[in-house]
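Worksheet for the structure shown next.
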């Protein structure tokens, strides 16, 4: 039996709860045109066994490498053994067998991966979901771990509550932390000792002014939300400062073709920032009051206004 519908009518939290209570086995797909992304979550008897988001999907061994839990040499060795076995051996099993990673640490990383996906999907308030029942042996990929859906929902609710208290300083995981400049005029000059806990020092050593919080969490193999909370503490005590990454500027093709002389910085369509997109198009209209660019820009402005109205109507 298929279960499907728009998220504005049945939120992702309710969908998970329904699948948990009814002990469903199958695959849930959550798609968002607004984000141009899709999430896939597999359930076995109501428990989550796999989760991935298309834009961030990667093989388990690559995720372990990125998290620093295995080395390039470990992976090369495992691949060599897999080749000798003519591809009949699973590479992750070979990594465990060789001692590159313990079974316990592997399961911990897999759980973190599932939690990261599920908690991100819980922030999706628009889009479409569909659930297809499947037999356990028809699941995509291997089932290596099962996670209680109820525990994920409880933790998700706790994080939403906690995030509301830190979002003024840490609005998302894309912010880039950097060491705050030393205030030489402050009492004690620059010689004051930092009294930080070990896990705070660990995060501090990863801050280079280029990596965002998501990248730091991946490098440390730590939970993204915990890293955000640590960054919040460091920012509120003045140890670090955070900034949003510079948006990538990509003007629509029709604008560039109509008037190649237009500065690229005048057109910035940021799907997560309606006000910025509106301002960019209005600026374009002022710079080119006549001609085909004006027509395209007015169409874009009307589309932005329609999207803004739709988003406000859902609140």
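The values are calculated or read from the model by the stated rules, or taken from the named source; none is laboratory data. Here the structure is a predicted model, which means the values were calculated and not measured. Positions of Cβ are generated from backbone atoms using ideal geometry, with glycine treated the same way; all protein chains shown enter the neighbour counts.
Among the residues of the stretch 47-65, is there at least one that is loosely packed, with under 13 Cβ neighbours inside 10 Å and over 25 Å from residue 139 (Cβ atoms)? Within the stretch 47-65, not a single residue is loosely packed, with under 13 Cβ neighbours inside 10 Å and over 25 Å from residue 139 (Cβ atoms).
If the condition is being modelled with pLDDT under 90, out of contact with any helix residue (DSSP H, G or I) (no Cβ under 9 Å at 6 or more places or on another chain) and not in a helix (DSSP H, G or I), then the stretch 210-258 contributes 244, 245, 246, 248. Among residues that are more than 23 Å from residue 215 (Cβ to Cβ), modelled with pLDDT under 90 and either within 22 Å of the chain's Cα centre (by Cα) or assigned to a strand (DSSP E or B) (or both), residue 164 is included. For the stretch 124-149, a residue qualifies if it is out of contact with any helix residue (DSSP H, G or I) (no Cβ under 8 Å at 6 or more places or on another chain), within 24 Å of residue 214 (Cα to Cα) and either modelled with pLDDT under 90 or not assigned by TED's automatic domain parsing to the domain that holds residue 30 (or both), but none of them does. The single residue among 104, 81, 89, 111 that is free of Cβ contacts under 8 Å to residues at least 60 places away in the same chain, outside the structural domain of residue 213 (by TED's automatic domain parsing) and closer than 17 Å to residue 47 by Cα turns out to be 111.
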